[in-house]
Amino acid sequence: MKTHGLLIDFKYCTGCHACEIACKNEHDIAMDEWGIKVFEFGPQKLKGKWAWDYLPMPTDLCDLCTERREAGKKPACVHHCLADCMAVVPVEEISARMQEAGDKVVSYIP
Amino acid sequence: MAKCPRKINDELYRDEWQWQEGDLTVTRNTQWSGPGCHNGCGVLHYTDKDGKLVKIEGDPKSPMFNGRLCMRCLAVPEAENHPNRIYHPMRRDPKDRGKDKWEEIGWDEAYDAIASEVKRVSAEYGAKAIFTMVGTGRNAGWQAHALCNSIFDSPNVGFGFLSGESCYVPRIAAMAMMGGAIQVMDCAQVLEQGYDDPEYVVPEICLIWANNPIVSNADGFLGHWVVDLMKMGMKLIVVDPRMSWLGAQAEMQLMLRPGTDAALALGFMNVIINEDLYDHEFVEKWTYGFDELKERVRDYPVDKVAEITGVPVEKIVAAARRYATAKPATVQWGLKLDQQTDGMGATQALQCLWAITGNVDVPGGNIIVNTGYIQNDARRLVVKHVTDVDERFGNDLFPLRKMGVTEMSSTDILIEALETGKPYPVKMLYLQSTNCLANMAADPQRCMKGMLTCDTIVVSDYYMTPTAAATADIFLPLAMSTERVGCRGWYNPLRTINKIHETEARSDEQIIIDLGKRVNPEATPWNTPEEFWEDVMTHLETIKVPEDFSYKKLQEDMYFWQPTAYRKYEKGLLRSDGEEGFNTPTGLFELKSTMLEAAGLDPLPYYKEPDPSPVSNPEYAAEYPLICTTGRRSWEFFHSEHRNLRSMREFHRWPRVEMTQEVADRYGIKEGDWVLIENAQGSAREVCVINPKMAPDTICAEHGWWFPEQEAHSSNPFGVFDVNINQLVPMCKEGPSGFGAPYTTQMCRISKCEDFDPEYPSDVPYDNVAHFSL
């Protein structure tokens with residue numbers, strides 16, 4: 001049973017790649033493999049309004065940085081996120097935290 | 001997550017500057033050496049028992065950065081431990097420039113050779129024949145002045161052929177004259193409590209103009225502060241000829257024709273003054289020249305501005321009203337204002353805009369800040385006077401230079417001096433941390449030919465660069481990041497750079513001290529940079545410190561905060577006489593600048609059509625119909641740096657030129673194709689990326705490209721002349737003030753490039769199209 005999820009308030013994700021590199025450094029992941037990967041939608045007009053979103057997605061290599069968290073640290077991606085829009089949240093708090101974030105928020109249990 | 005909670009584990013992230021974590025030493029530090037940007041982020045350097053940097057993380061206790069860190073800084077261990085680092089000085093016979101005929105030498109031999117050339121050139125031609133060049137700021141700015149003015153005794157220190165000093169200098173000059181101080185967007189970056197300071201107010205509107213701050217992070221400004229404030233409710237208006245992520249999030253985007261910023265800002269003021277939306281109290285009490293400004297903006301009715309800029313009338317009116325009625329409103333401006341021949345006019349206009357709306361030095365407006373202060377103290381300790389200052393290049397031609405508005409020597413004059421020997425010959429160049437032929441030089445092949453006329457060229461850098469490979473006689477390897485000490489005073493707080501281990505490479509400070517001992521021993525009585533910095537701390541003029549203050553103490557404390565205040569003009573905090581008002585000749589914020597007037601320049605904001613442009617030169621535009629803007633940044637690189645880092649190149653392998661689908665179709669180009677970009681002066685090759693929305697007939701090409709994986713020693717070192725976009729930009733077209741140059745307004749044409757397909761040594765598949773991200 002997983003106890004924590006990764007919450008991303010993706011309306012603020014700027015696509016800076018810091019999470020991807022921080023994860024590769026932490027877990028010594030090869031250049032063509034990913035522990036978390038940022039996907040992009042747009043820029044594209046939706047019903048007349050510009051949309052441009054990024055969404056990081058953890059992969060099978062993501063263990064939410066168990067070792068770091070046991071040592072009291074944040075996962076490498078959360079720690080370095082320039083937009084400060086990622087958090088590790090106990091599973092039971094996820095819905096409340098998503099509600100608090102309002103719109104354009106996702107949570108993963110990798 | 002309006003504001004993410006910042007819980008910090010005090011056991012793991014400590015207040016002391018250094019501790020042990022398992023086998024690793026953790027050092028809290030300031031990342032402020034190249035490769036990397038201006039920001040000086042707070043980092044944790046993790047080093048092993050041999051002092052090798054094995055990991056870097058953001059320091060959660062670093063104010064305003066809070067542990068976050070960009071991908072370039074996360075690659076610092078890769079940069080520092082790179083197999084291509086050079087650790088020993090090298091020498092090459094000047095007749096072998098460009099060839100792989102380097103001989104490794106010791107530091108003493110390198111210093112002796114440089115000292116002997118300094119003495120010979122000074123005796124034969126005068127010390128002014130020695131020119132020192134420097135790249136962009138960071139921990140390498142004041143050092144060039146110290147070396148040039150004091151050790152070489154020459155007045156000539158300048159940028160690496162950055163025409164018109166067109167990076168921040170034009171804006172700094174205009175700010176110094178109009179408001180008497182540097183002003184920046186208020187993101188609470190000077191407040192010890194940051195956003196939690198009770199006096200701080202979140203701007204209602206941020207007008208982002210001529211930059212994309214989240215990527216560029218220019219001049220010490222962390223672009224993601226804008227994102228922090230968006231979370232707190234700040235809205236955006238973005239003025240940019242291209243669609244950006246911030247633009248997509250904005251209430252309004254104004255996609256102007258490149259180079260027409262001044263007209264647009266004057267149009268804003270036409271609306272604001274005509275509709276009586278300006279701040280009467282501030283204007284009447286604190287500004288000078290409002291009536292003349294009012295008269296000037298009459299020349300810029302909105303319909304005329306719409307025609308010049310290509311921005312529709314209703315958008316101009318709506319944006320002007322929104323900015324003027326938002327309280328507070330702030331402007332985050334950028335480099336592209338400097339990179340226009342008459343960019344000073346735009347700079348003046350934007351300052352007038354934030355002044356007449358009452359946003360000067362108010363919470364959440366554009367605040368007056370202290371930048372580069374400790375660096376000035378450091379420089380003053382070495383440079384007691386400057387010899388032959390009147391003979392500094394450009395001082396006779398440009399009154400603002402003579403008035404001391406900048407201390408940089410003009411490289412637009414230097415290139416002519418190298419070519420003609422007039423006004424006087426230059427025989428020796430010392431390049432400190434500038435890879436100018438790949439980066440800031442306009443017309444780099446012309447600049448290279450000019451450089452090669454010199455008897456002696458010294459280059460200091462971390463790696464072999466196109467500039468060093470093509471021109472250097474002596475190469476001095478520089479210490480990076482964890483290998484050097486330093487100090488950074490920019491906004492708040494003051495912080496140190498801490499040396500963790502030593503290599504054979506040396507810091508700029510150590511080189512100044514060592515060369516000083518050979519050439520001008522009185523100027524450098526210290527033996528080490530640590531001794532030097534302790535001495536600086538006892539001679540501070542720019543800030544007040546407690547009696548027990550020392551460099552060592554600052555290092556141990558990590559940060560030293562200075563008191564700040566809003567509305568300093570009301571409190572007598574801006575002028576040396578202690579009177580209230582601004583530090584200008586009239587004591588007021590000068591909408592009409594008395595100093596510009598004294599210099600014979602237009603004292604009011606003005607617009608002049610770029611040359612060439614479709615309007616000013618339709619014949620040229622018929623042949624070269626597209627406007628090519630350059631200089632937009634990417635996540636992976638800082639100017640010409642980071643091209644040798646595999647991690648960055650796997651994300652961003654080739655130079656990218658953005659264009660709309662319509663423009664690409666017109667020229668038979670597909671996304672992912674190599675594109676030849678050319679004009680009457682030169683050409684460059686970049687890969688096409690489609691940006692769905694840009695100003696009409698505009699393309700946006702990346703700068704700073706070279707291929708470290710290619711051959712260094714050839715007539716095309718590291719392939720730089722295949723891909724350097726500044727080959728389309730001329731030298732010597734600086735603005736009437738001496739500042740500003742047309743980097744961002746060149747005309748060009750494009751075609752599909754069939755015969756160009758460089759290789760990159762990697763097994764990782766790279767799909768030009770799939771790897772695009774604007």
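Since every read-out is calculated from the coordinates, none of them should be taken as a lab result. Just so you know, these numbers come straight off a predicted model, no measurement behind them. Cβ placement follows ideal geometry from the backbone for every residue including glycine, while neighbour counts extend to all protein chains displayed.
Using only alpha carbon pairs under 8 Å that are at least six residues apart, calculate the relative contact order of the stretch A:4-108 and give it in whole percent. Contact order relative to length: 42 percent. Note on the stretch B:636-696 and the stretch B:3-71: Cα centroid distance 35 Å, given to the nearest whole angstrom.
For the stretch B:618-752, the convex hull spanned by the alpha carbon atoms encloses 131 Å³ per residue. Applying Stokes-Einstein at 20 °C and 1.002 mPa s to the Kirkwood radius of the stretch B:371-494, computed over alpha-carbon pairs, gives a translational diffusion coefficient of 129 µm² s⁻¹.
Test of the criteria: in the stretch B:383-449, which trypsin sites (Lys or Arg not before Pro) are in a DSSP loop and have at most 14 other Cβ atoms within 10 angstrom of their Cβ? Sparse-neighbourhood loop trypsin sites (Lys or Arg not before Pro): B:Lys384. Lys-Lys pairs in the stretch B:529-681 that are eight or more residues apart or on separate chains and whose Cα atoms lie under 29 Å of each other come to 7.
Taking every Cα-Cα distance in chain B and sorting them into 20 Å bins starting at zero, the pair-distance distribution P(r) comes out as 17, 52, 30, 1 percent. Between B:Val769 and B:His501, the modelled label-to-label distance comes to 4.6 nm, taking each label 7 Å out from Cα in the direction of the beta carbon.
For GluC sites (Glu not before Pro), the sites in the stretch B:262-349 that DSSP calls loop and that have at most 15 other Cβ atoms within 10 Å are B:Glu275.
For the stretch B:674-747, the Cβ-based charge dipole about the Cα centre amounts to some 220 debye (Lys, Arg positive; Asp, Glu negative; other atoms uncharged). What percent do you get for the relative contact order of the stretch B:618-752 when only Cα pairs under 8 Å and 6+ apart count? It comes to 35 percent, rounded to a whole number. Partner aspartates and glutamates whose Cα lies under 14 Å from the Cα of B:Lys422, excluding those fewer than 8 positions away in the same chain, are identified as B:Glu391, B:Asp396, B:Asp412.
The loop-placed trypsin sites (Lys or Arg not before Pro) in the stretch A:20-87, going by DSSP, that have at most 16 neighbouring Cβ atoms within 10 Å of their Cβ come out as A:Lys47. Each Cα pair under 8 Å and six or more residues apart adds its separation to the average, and for chain B the resulting relative contact order is 19 percent.
Restricting the calculation to Cα atoms, the stretch B:1-95 shows an Rg/Rh of 1.09 when the hydrodynamic-style radius is the Kirkwood one. Please say if the stretch B:5-48 is rounded, prolate or oblate, where rounded means a/c under 1.5 for a ≥ b ≥ c the square roots of the C-alpha gyration tensor eigenvalues, and otherwise the choice is prolate for a/b larger than b/c and oblate otherwise? Oblate shape, in that a/c is at least 1.5 and b/c is the bigger or equal ratio. The label-point distance for B:Glu530 and A:Asp32, in a model that sets each label 7 Å from Cα toward Cβ, rounds to 4.8 nm. Considering the stretch B:299-394 at the alpha-carbon level, its Rg and Dmax are found to be 19.2, 56 Å. Once the chain from B:Thr325 to B:Arg298 is taken as fully extended at 0.36 nm per residue, the excess over their C-alpha distance is 7.7 nm. The 3J(HN,Hα) values that the Karplus relation (6.51, -1.76, 1.60; θ = phi - 60°) gives for the stretch A:38-43 are, in residue order, 8, 9, 10, 10, x, x Hz. Gly and Pro appear as x. Axis of helix A:18-27 versus longest Cα principal axis of chain A: the two differ by about 20°, to the nearest ten degrees. Put the Cα centre of the stretch B:102-128 next to the Cα centre of the stretch A:44-87 and the gap is 53 Å. The stretch B:178-224 and the stretch B:500-563 have Cα centres separated by 29 Å.
On the principal axes of its alpha-carbon atoms, the stretch B:473-587 has extents of 52, 32, 27 Å, going from largest to smallest. Rounded to the nearest whole Hz, the Karplus-based 3J(HN,Hα) values (6.51 cos²θ - 1.76 cosθ + 1.60, θ = phi - 60°) of the stretch B:494-506 follow the sequence 5, 8, 9, 10, 10, 7, 10, 8, 10, 10, 6, 5, 10, with x at glycine and proline. Under 5 Å from the amide H of B:Val54 lie the amide H atoms of B:Tyr46, B:Thr47, B:Asp48, each residue being 5 or more positions distant or on a separate chain, with H modelled from the backbone and absent for Pro and chain starts. When the inverse distances between all different Cα atoms of the protein assembly as shown are averaged and flipped, the Kirkwood radius reads 27.9 angstrom. In a Debye calculation with equal point scatterers on the alpha-carbon sites of the stretch A:4-108 and no solvent, what is log10 I(q)/I(0) at q = 0.15, 0.24 Å⁻¹? Ignoring solvent entirely, the Cα scatterers give -0.62, -1.36. Extending 7 Å from Cα along the Cβ direction at B:Glu281 and again at B:Glu251 yields two label points whose distance is 2.2 nm.
Each listed q (0.10, 0.26 Å⁻¹) maps to a log10 I(q)/I(0) for the stretch B:233-321 from the Debye sum over equal C-alpha point scatterers, namely -0.28, -1.24. Mean-square fluctuations from a GNM of chain A, with a 10 angstrom spring cutoff on Cα atoms, peak among A:Asp32, A:Asp53, A:Asp63 at A:Asp32.
Between B:Asp673 and B:Cys688, the built amide H atoms are under 5 Å apart, and every one of these is 5 or more places off in sequence or on another chain. Across the stretch B:762-767, rounded Karplus estimates of 3J(HN,Hα) from the backbone phi angles (6.51 cos²θ - 1.76 cosθ + 1.60, θ = phi - 60°) give 8, 8, 6, x, 10, 9 Hz, Gly and Pro being marked x. Going from the fewest other Cβ atoms within 10 Å to the most, the residues B:Met408, B:Met252, B:Met440 appear in the order B:Met252, B:Met408, B:Met440. B:Arg575 to B:Phe756: FRET efficiency via 1/(1 + (r/R0)^6), r the Cβ-Cβ distance, R0 41 Å, to the nearest 0.05? Computed FRET efficiency for B:Arg575 and B:Phe756: 0.10.
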